[in-house]
1. When only residues in the range 1-35 that are of a type in the set (D, E, K, R) and at pLDDT below 90 count, which is most open to solvent (accessible area, probe 1.4 Å)?
2. Within the range 36-58, can you find the residues that are in contact (Cβ under 8 Å) with a residue 12 or more places away in the chain and farther than 28 Å from Pro129 by Cβ?
3. Are any residues in the range 40-85 open to solvent by 70 Å² or more (accessible area, probe 1.4 Å), under 10 Å from the mean Cα position of the chain (by Cα) and of a type in the set (A, V, I, L, M, F, W, C), and if so, which ones?
4. So, in the range 86-108, exactly how many residues are farther than 14 Å from Phe39 by Cα, assigned to a strand (DSSP E or B) and either open to solvent by less than 40 Å² (accessible area, probe 1.4 Å) or touching a Lys or Arg at 6+ places or on another chain (Cβ under 8 Å) (or both)?
5. How about the range 109-140: which of its residues are of a type in the set (Gly, Ala, Ser), over 14 Å from Val64 (Cβ atoms) and surrounded by 14 or more Cβ atoms within 10 Å (Cβ to Cβ)?
6. Where the second residue is open to solvent by 70 Å² or more (accessible area, probe 1.4 Å) and the first is more than 20 Å from Tyr122 (Cα to Cα) and lies in the range 59-76, which pairs have Cβ atoms under 6 Å and are six or more apart or on separate chains?
Amino acid sequence: MLRFELPAGLRLVHEMVIPIRWGDMDAFGHLNNTVYFRFMESARVEWTRQVVGGSPAEEGPVIVNAFCNFLREFTYPGDVLVRTFVGEVGRSSLDTYVTMALSDDPERVHAEGGARIVWVNYAQRKAVPLPPAMRGLAAS
């Protein structure tokens with residue numbers, strides 16, 4: 001079984017609750033696999049906006065890889081607590097990790113995943129240093 005392990009020593013940087021919508025379910029009555037990635041994306045975008053503000057026009061994040069381990073199914077109705085953690089921080093990139101649990105049972109993780117973010121100048125299509133606010137928060 002292929003499974004990516006979340007490393008030890010991660011720093012919690014953000015939490016949000018996302019409701020499970022009826023339309024998020026698949027034909028088998030559980031949360032469609034693609035929705036887990038949307039939940040991770042929503043949390044990552046909200047966290048990034050809180051740290052660096054607004055929508056970056058010239059520079060911003062690009063995801064270079066992403067993964068998800070599906071541990072338990074989610075079903076409708078429910079609210080998912082998405083916790084975002086930061087791991088290794090480089091000059092222009094950082095590793096983010098996420099756990100997803102029901103908000104009324106936050107310690108029972110249903111899915112975990114992550115993504116590597118590279119900060120990019122969009123016009124030049126080149127990696128640039130992380131914004132100081134993001135680098136400072138990630139390193140704390």
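1. Ranking the candidates gives Glu5 first.
2. Scanning the range 36-58 gives Tyr36, Phe39.
3. Val45
4. Selection size over the range 86-108: 6.
5. Ala111, Gly113, Ala138, listed by residue number.
6. Phe67/Phe4; Asn69/Arg3; Tyr76/Trp22
The values are calculated or read from the model by the stated rules, or taken from the named source; none is laboratory data. Quick caveat, the model's predicted, so the values are computed rather than measured. Ideal geometry is used to build each Cβ from the backbone, glycine not excepted, and the neighbour counts take in all protein chains shown. These accessible areas exclude ligands, DNA and RNA; they are computed on the full protein's heavy atoms, side chains included. Shrake-Rupley method; radii C 1.70, N 1.55, O 1.52, S 1.80 Å.
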